[in-house]
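Read-outs: derived from the displayed coordinates by stated rules, not from any lab. Since the structure is predicted, the reported quantities are computational estimates derived from the model, not experimental observations. Ideal geometry is used to build each Cβ from the backbone, glycine not excepted, and the neighbour counts take in all protein chains shown.
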Amino acid sequence: MTKLLVYLKDYKKESVLGPLFKLLEASFELIVPLVVASMIDVGIANRDKGYILKMCLIMAALGLIGLTCSVTAQFFAAKAAVGFATKLRHGLFEHIQKLSFSQMDREGTSTLITRITSDINQVQSGVNLVLRLFLRSPFIVFGAMIMAFTVDGKAALIFVVVIPILSVIVFGIMLISIPLYKKVQGALDRVLGITRENLTGVRVIRAFGQEEAEVAKFDGENDALRHVQMVAARISALMNPLTYVVINGGLIALIYVGAVRVEAGILTQGQVVALVNYMSQILVELVKLANLIITVTKAVACGNRIQSILEEPAGMEEKDSRGDEKLTGCVEFDHVSMRYYEGGEEALTDIHFKAVRGQTIGVIGGTGSGKSSLVNLIPRFYDAEKGSVKVDGVDVKEYDLTALRDKIGVVMQKAVLFHGTIRENLKWGNESASDEELWEALRTAQAKEFVLQKKDQLDEMIEQEGRNLSGGQRQRLSIARALVKKPEILILDDSASALDYATDAALRRSLKEMPGETTAFIVSQRASSLMHADTIIVLDDGNVAGMGTHEELLKTCEVYQEIYYSQFERSDKGDKKEGEN
Amino acid sequence: MKDDKKKVNQKETLLKVLAYIRPYKFLMALTIIMAAVSVALTLYLPILAGDAVDLLIYIFDPSSLNVASPWPALFFILKKMAVVILLTAVTQWIMNICNNKIVYSIIQDIRKKAFRRLEELPLKYLDAHSHGDIVSRVVADVDQFADGLLIGFTQLFTGVITILGTLLFMISVNVGITVVVVVITPVSLFVASFIAKKTFSMFKLQSETRGEQTALINEMIGNQKVVQAFNREDETLERFDEINGRLEKCSLRAIFFSSLTNPCTRFVNSLVYTGVGLTGAFAVLRGGLSVGQLTCFLSYANQYTKPFNEISGVITELQNALACAARIFELIEEEPQEPDAEDAMVLENAEGEVNLDHVSFSYVPDKKLIEDLNLSVKPGQRIAIVGPTGCGKTTIINLLMRFYDVDQGSISVDGANIQDITRKSLRTSYGMVLQETWLKRGTIRDNITVGKPDATEEEIIAAAKASHAHSFIRRLPNGYDTVIGEDGRSLSGGQKQLLCITRVMLSLPPMLILDEATSSIDTRTEIKIQKAFATMMEGRTSFIVAHRLSTIQNADVILVMKDGHIIEQGNHEQLLAKGGFYAQLYNSQFAIA
């Protein structure tokens, strides 16, 4: 949490003035009982109407000053808190953008999103509350006690006893109940889990006729939830009655001691009334303080989570090389191995090959064989652990990242589009692309036809993440987006999986006809998509199982044969032993 | 007009909430009694304290009293105070416990009901509604409702009773001062509601801007990898900052103006306090009031204004709670699927003869999907369903399993219309393996025995062996007792699929619905899955959503689908000879690029 305070730096003035004005208000509030006391002791005792009126005017004036102070305090506090949150949000967003792929994998994007939205909101209200109230409540509690001492030292000793007892009760109950509320949260999470599980698995549950079993399971968790809720509630239900008893016990003691002191002629009636008033002020503030502490604990927890993200070192170290211009489109893997996290298994082992300008490289293999890992190393989405990946003759670690990624057009497995027009989306590849260039890319990506059918064509709005398009349409548009970039190196990471065979074939044909000498990496599970590549790399469990042309591999590579025949088997009816050729 | 409707809805919701409270009416009565008692006692205490303060005068100046000593009287009052305090504490405690019990029981009932309804809702509803939204109704909305209800019980009751009680007490002591209090206090209520009204639009703007920002964050952070791949970080940050700046401005306004409520009402309170002090002091001078009564009034003035301040907050909270309740009730009252007829037959050991007779179906009325489909499947036959992605192959599964009902025509199993068969027996007669695997949180064993909870260890292992899952399960840290997380995150796609097959293998129903995987499985696992499928299909009527050529070629009937329609039907040779869409599809797979 502490490191987040730098974002409050620009609001130093506000962060000091806010609490200051709040304290000023509190001080005026503390004077009121004294005014009432003197009204009783002087005004009423002497039957001095003018004096009573004067005291009332003073009280009204104190109220007005209090209002002014408090409004000022609120303004400064709100300004500091909102400003702080805005700066923090900017800082966090900027930081998240710099995180590397492996950091994002580790944190998970949904966590990152929670951090920047709800966590920051919590911290904002925490800061706001702290600036407004954190000083005020203890100030009033101790201020009231001190004022009591100025009235009468002996009687005020009762405060010295009552306040610690109250604090023990309030904070003791909080200490016990906060962990209980965590348990409540846990039970609630399980109820949520079952509900979600049931919705996603509704077909399976109904197919197996398991509705009643699920209801029973839900009831169990639901009962457990109510149980912990009640346990927690029982503890916190003690708070009000106990504090009430202690405060009012103090009141009885005050009146008794007051009576003794009045008899001795030390205190007046009005002063006893003042003491009683101070006692009730303390009660009100302690309850506020307890609520405040709960909010602040939550805010601090959120703050710590945000800080842990900010403490992630930003992204990868980069240098400023831009590659060798004579070697454009050349990709080289020099005995490359990588793993996604330390201690994990190697995702790729000793990959070694070289692709030159204009070549098409196919990458094939089963799930988890390392196909995506391999192509992800080229734009340096991840770093190789051993060996080096060279683009245009230079190690990618020597590159300026922006310059490196400018050379490469990537179409990822999951086709992602953004809220905006089709044109805006395509221009992600190249801000200055003309409409003709856009249409050309669409044509190559087999997307021209359906874009033409849209009412607004290039200006057709795409909803968030492209929800208003089909999977195949999204894939074709994301391919077009990469083509608009006219990259030296094009990577298609299993990006035709949502296309039917005919479209896939047409796409491959037009990619082949594309002008310019683009080096292309095509990742696929389908042998048919790759068989015409210049070189096919066959991966099996992170290792190269074979490398060569389709014909070569069909003769020499067992893994390739297995894949190919499982997809292309034209065996006779009844023979079901595919792939065992 | 709209407001009126909203009010009617609120009233309806309130009535429904009351229906949920009814079972707890005794607790409810108890909590109301306790609230009344504790408020009365709380109000009585200042009177006692006032009396005690009045006695101080006599202690100060004993000559003014005709009794020997005021001390016994003082002790008596103090003892009385002690009793009142203890009683108040006890009643408050009982009230708190009752309130919690009522609220938590009610939401337990509501959640139960909601979940039961979830199990009975037709898939038509579940498919059409966002799961996130449904979950948030069952979890978040119910929670919010509970919070509101609890605050309502604890604060609204005591608040109202306090206001009434204080008024009564005050009138009994001194009418003049009471008038002062009654006239000034509502001002704070006006101030509060005035501020609330003014800030409503600011808060709305804030939450809209926040929503806009969250959408951007979701989109950009959620797809950060694409943003980085296209070097779009700077542009994205620019867009973010633009919204962030607007958010700062409108947040500041909303927060500042709404935070004025407290100081303003406090100011009004201090005016009430001053007013009471002034009129009270003059009343004392006139002799109509004792000093003790004045202190009593002063503390009443505090007690009387506090609930007024709270009540405006409580009312917004309650409205919020009602809105949440309305969302939950919407779900609970959703039309459930038509229950099985009373005389519905139970399908046992089906032969596997399936007939589709002039079946028509559509998800939305004006978009015809399946029209006049006829299909007759003999026991043991294999039906392959083929077509491009998104052509509606799952629709057929939905109809066979009766996840959806046909619009026209009928589907029959062993000669019986499936509408006359209990859903449970129909569905358990099918073994279903979908491409989208679903595993629940629990052990491997729990997941395998879903369809047959009483299976023995031997049966489980035999099923796992038959589906080629045994070897990988054995290698897991705790074998069959390994706990897998929600969605089986720790397993690979292929392993999940094998588990789902084992699940079906264990109960091995007479008919099968299989969905072949397209891409997520590596070749070796795929071969295992193929073998497992082959074992299962032996002698069973099977419907297969097919992607593999061999499966298609070996099928007895191929249904070719396109854009939701069944356009061709026949076996491989017949369809090839026809030279239609199937032939085109078949050839394109092997087309030379």
Hydrodynamic radius of the stretch A:328-568 per Kirkwood, over alpha carbon pairs, in Å: 18.3
Cut-off under 5 Å, modelled amide H: who pairs with A:THR360 long-range: A:ALA520, A:ASP534, A:THR535
Loop-located GluC sites (Glu not before Pro) in the stretch B:307-390 whose Cβ has at most 13 other Cβ within 10 Å (DSSP): B:GLU333, B:GLU342, B:GLU348
Size-normalised alpha-carbon gyration radius of the stretch B:209-335, reference 2.2 N^0.38 Å: 1.93
0 to 90° range, to nearest 10: angle between helix B:291-332 axis and chain B longest Cα axis: 10
Anisotropy class of the stretch A:1-143 from Cα gyration tensor, a/c 1.5 cut: prolate
10 Å Cβ neighbours from other chains, averaged over peptide B:250-257: 5
Tail fraction, Cα-Cα pairs, chain B, threshold 36 Å, whole percent: 60
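Got a sec? How would A:SER125, B:SER471 order by Cβ neighbour count within 10 Å, fewest to most?
Values: A:SER125 17, B:SER471 11.
Neighbour counts put them in this order, fewest first: B:SER471, A:SER125.
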Residue order, fewest to most beta carbons within 10 Å, for A:TRP428, B:TRP93: B:TRP93, A:TRP428
Among beta bridges that DSSP assigns inside the stretch A:328-568, antiparallel share in %, nearest 5: 55
Proximal lysines relative to B:LYS528, as straight alpha-carbon distance under 29 Å, when same-chain residues fewer than 8 apart are discounted: A:LYS371, A:LYS414, A:LYS555, A:LYS573, A:LYS576, A:LYS577, B:LYS378, B:LYS393, B:LYS440, B:LYS452, B:LYS465, B:LYS496
Farthest positive-ward along chain B dipole, Cα basis, beta-carbon charges - from B:THR274, B:GLN408, B:GLN337: B:THR274
Charge dipole (debye, nearest 20) of the stretch A:1-143; +1 at Cβ of Lys and Arg, -1 at Cβ of Asp and Glu: 220
Relative exposure of B:CYS296, A:CYS56, judged by other C-beta atoms within 10 Å (fewest first): A:CYS56, B:CYS296
Violating pairs (Cα-Cα greater than 23 angstrom) within the set B:LYS204/B:LYS249; B:LYS367/B:LYS562; A:LYS354/A:LYS512; A:LYS182/B:LYS249: A:LYS182/B:LYS249
Using distinct alpha-carbon pairs, which all enter the 1/r mean, Kirkwood radius of the protein assembly as shown in Å: 35.4
Relative contact order (percent, whole number), chain A, Cα cutoff 8 Å, 6+ residue spacing: 14
Helix-derived mean residue ellipticity, 222 nm - over the protein assembly as shown, DSSP H n ≥ 4, -39500 (n - 2.57), to 500: -20500 deg cm²/dmol
Antiparallel bridge percentage (DSSP; both residues within chain A; nearest 5): 50
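Mean Kyte-Doolittle of at least -0.5 plus a Cα span of 27 Å or more along the axis: flag which DSSP H helices in chain A meet both, please.
A:12-38, A:49-98, A:153-200, A:211-236, A:239-263, A:269-310
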Peptide-level mean, for A:523-533, of C-beta atoms on other protein chains within 10 Å: 2
Cβ-placed point charges (K, R +1; D, E -1), dipole of chain A about Cα centre in debye, nearest 20: 2800
Approximate shape of the stretch A:395-457 as ellipsoid semi-axes (Cα gyration tensor, √5λ), whole Å, largest first: 27, 13, 11
Degrees, to the nearest 10: B:233-258 long Cα axis against longest axis of chain B: 30
Peptide-level mean, for A:61-67, of C-beta atoms on other protein chains within 10 Å: 4
Angle between chain B longest axis and helix B:493-507 axis [Cα atoms, degrees, rounded to 10]: 80
